[in-house]
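First up is the structure itself, then whatever we jot down about it.
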Amino acid sequence: MPRPPDPAKRRDLLDQVREYMIRNGLVDLSLRPLARALGTSDRMLLYYFGTKERMVAEALALDERRPLLRTRSLLGAVDAPKDPAWVRRFMEEVWQQFADPDMRAMLPLYLEIMVTGLLHPDRYGPVMRDILAEWTGLLTSVFRDMGLSEARARTEAVLLVDACFGLIVGPVVDGDYDEADAAFRVLLDRLEPGWRAT
């Protein structure tokens, strides 16, 4: 009977895979060069993860610094009633997380995964879809708890998530994080009045 994979070794490999992807990108990611860089074999990587796509998805999902994980813990710690001003402060805290150097180092990789997922949906398509769906679901529930109808809560969440996502992607391309930050503040100015239940 084969020995089950060692969880500690698996996690260590995932951390190394993540760092490798940040340095080298995803487009030319191949198991053999990756395995050589990690001091292992491509067969061992397949033993632990099954497929390259699963390995990539897991390496991203296990990053404890992801804003979504931090955001869920922040939401769970808040007992105060949620209103438009609270949502604004909440989104400002989320936005600030993207200023973290480690997170900014990950953004080009996420953009690369998004583009690759569009071109090859069978590979990485679910990764970005799942991220957007989680954010949208989270904010839909917040808006619904504030008294917005289900349809309106969903629309406000989609608008906020998709607009913020665009503002995150823009600086990856042009490098102007200050301009994106200013645009984010204007976005909140425009959207906040629409978060009131009628």
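The values are calculated or read from the model by the stated rules, or taken from the named source; none is laboratory data. This one's a predicted model, so the numbers in the text were calculated from it and none came from an experiment. Note that we place each Cβ from the backbone using ideal geometry, even for glycine, and neighbour counts take in every protein chain shown.
Looking at 111, 74, 68, 107 in this structure, which one is within 17 Å of residue 18 (Cβ to Cβ) and at pLDDT below 80? Result of the check over 111, 74, 68, 107: 68. Residues that are among the charged types (D, E, K, R) and loosely packed, with under 14 Cβ neighbours inside 10 Å within segment 91-129 comprise 92, 93, 100, 102, 122, 129, listed in sequence order. Among the residues of segment 124-144, those that are over 16 Å from residue 91 (Cα atoms) and either of a type in the set (Lys, Arg) or in contact with a Lys or Arg (Cβ under 6 Å, 6 or more places away or on another chain) (or both) comprise 129, 144. Residue 190 satisfies every condition listed in (1) crowded, with 17+ Cβ neighbours inside 10 Å; (2) at pLDDT 95 or above except (1). Among the residues of segment 130-176, the one identified as among the small types (Gly, Ala, Ser), buried (at least 19 other Cβ atoms within 10 Å of the Cβ) and under 25 Å from residue 110 (Cα atoms) is 157.
Restricted to helices (runs of 4 or more DSSP H) entirely inside segment 89-193, those with at least 3 residues that are farther than 25 Å from residue 59 by Cβ and among the acidic types (Asp, Glu) are 150-174, 177-191. When segment 1-60 is filtered for residues that are in contact with a Pro (Cβ under 8 Å, 6 or more places away or on another chain) and within 14 Å of residue 124 (Cα to Cα), the ones remaining, listed by number, are 25, 57.
Quick one: would you say residue 12 is under 22 Å from the mean Cα position of the chain (by Cα), at pLDDT 90 or above and acidic (Asp, Glu)? Yes, satisfied.
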